[in-house]
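Visitor: My questions will all concern the structure given below.
Computed from the coordinates by the stated procedures, all read-outs in this text should not be read as laboratory data. Quantities reported herein were computed from a predicted structural model and do not represent experimental measurements. All Cβ positions, even for glycine, are placed from backbone atoms using ideal geometry, and neighbour counts span all protein chains on display.
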Amino acid sequence: MEKTDLVKLYKDYYTAKSNPQVLELPPAQYLSITGIGDPSDAAFIENIQALYTTAYAVKFFYKAGGKDFTVSKLEGLWHFDLKKYEGISMDEAPLKIPRSEWSYRLLIRMPDYVLQSAVEGMLGEIADRKENPLVKKVEWFTLHEGKCAQVLHTGPFSEEPKTLQKLSAFMQEKGLQHNGLHHEIYLSDFRRTAPEKLKTILREPVK
């Protein structure tokens, strides 16, 4: 049985360089769960667990039908109250806005053959079988970012502002404006990888 690996299938999507670049992305579909608060809080980890529980259940459902896939990288869309924190730049935000006030949407991309109706039809059963009620919070989500600026960040999350400064300067130089939510793709498993070795794609939809 052939196994779909989205990281290999969509190399442009899952690849970035240490120098900023612009790329154009087509629509993609995901399993998703939303929350608000510090990523070090238990609620954040519990949401990740619910998302992966669902992703693996979907994988095995489709594998039983002859279509297998590798569960892909964790991703996140991040935003804050723009009225409350008006005027704070992209690279300043992680330093000036308390982590407890950030809202997030965690994502795991799904192959094109995975159907929204199939996923939504199995969420209740997965939640009961895995005894994890948070699974019922998982949603189907479609994202079309289109034109984006991005850069690869290597190192701990606490040092992201330095990389975001580089990305912000690049956007200003190219005359690009924000056109969507800050997007992070966690190429490394931050639960098992040393902070200095973490690799994260930082992506900003632009116009």
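Visitor: Antiparallel DSSP bridges in the chain: what percent, to the nearest 5?
Guide: Antiparallel bridges make up about 95 percent of those DSSP assigns within the chain.
Visitor: Taking H as built 1.01 Å from N, whose amide H comes closer than 5 Å to the amide H of TRP102, not counting residues under 5 places away?
Guide: Correct list: GLY37.
Visitor: Additional query: Which value in nm describes the separation of the simple spin-label points at LYS3 and SER40, placed 7 Å from the Cα toward the beta carbon?
Guide: Taking the two extended label points, one gets 3.5 nm.
Visitor: Remind me, relative contact order of segment 3-205 in percent, using alpha carbon pairs under 8 angstrom and six or more residues apart?
Guide: Reported as a whole number, the value is 32 percent.
Visitor: Using the Cα gyration tensor of segment 1-134, with a ≥ b ≥ c the square roots of its eigenvalues, what is the shape: rounded (a/c below 1.5), prolate (a/b larger than b/c) or oblate (neither)?
Guide: It comes out oblate by the Cα gyration axes.
Visitor: A further question on this structure: Could you give the nm distance between label points at LYS136 and TYR85, where each point is 7 Å from its Cα heading toward the beta carbon?
Guide: 3.2 nm
Visitor: Rounded to the nearest 10 degrees, what's the angle between the helix 42-64 long axis and the longest principal axis of the chain, both from Cα atoms, 0 to 90?
Guide: Between helix and principal axis, roughly 50 degrees.
Visitor: Next question, about the same structure. Full-extension gain between LYS67 and SER103, please, as 0.36 nm times their residue separation minus the C-alpha to C-alpha distance.
Guide: Extending this stretch completely gives an extra 9.5 nm.
Visitor: Across segment 151-168, in residue order, what do the Karplus-derived ³J(HN,Hα) couplings come to in whole Hz, using 6.51 cos²θ - 1.76 cosθ + 1.60 with θ = phi - 60° and x for Gly and Pro?
Guide: Ordered by residue, 3J(HN,Hα) equals 7, 8, 9, 10, x, x, 4, 5, 9, 4, x, 5, 5, 5, 4, 4, 5, 5 Hz.
Visitor: Still on this structure, I have one more. If the chain between ALA118 and ALA194 were fully stretched, how many nm would it gain, using 0.36 nm times the residue separation less the Cα-Cα distance?
Guide: Gain on extension, ALA118 to ALA194, equals 23.6 nm.
Visitor: Along the Cα→Cβ direction, 7 angstrom out, place labels at LYS11 and TYR52. What is the inter-label distance in nm?
Guide: The two pseudo-label positions are separated by 2.8 nm.
Visitor: Given R₀ = 22 Å, FRET efficiency for LYS96-HIS178 by Cβ-Cβ distance, to 0.05?
Guide: Taking R0 as 22 Å, the efficiency between LYS96 and HIS178 is 0.85.
Visitor: Per DSSP H run of at least 4 residues, take -39500 (n - 2.57); add these up for the chain, divide by its residues and hand me the 222 nm value, nearest 500 deg cm²/dmol.
Guide: -9000 deg cm²/dmol
Visitor: What lysines could a cross-link reach from LYS84, if we take a straight Cα to Cα line under 21 Å and drop same-chain neighbours fewer than 8 places away?
Guide: LYS96
Visitor: Same structure again: Given axes a ≥ b ≥ c from the Cα gyration tensor, I'd like to know whether segment 1-40 is rounded (a/c under 1.5), prolate (a/b larger than b/c) or oblate.
Guide: oblate
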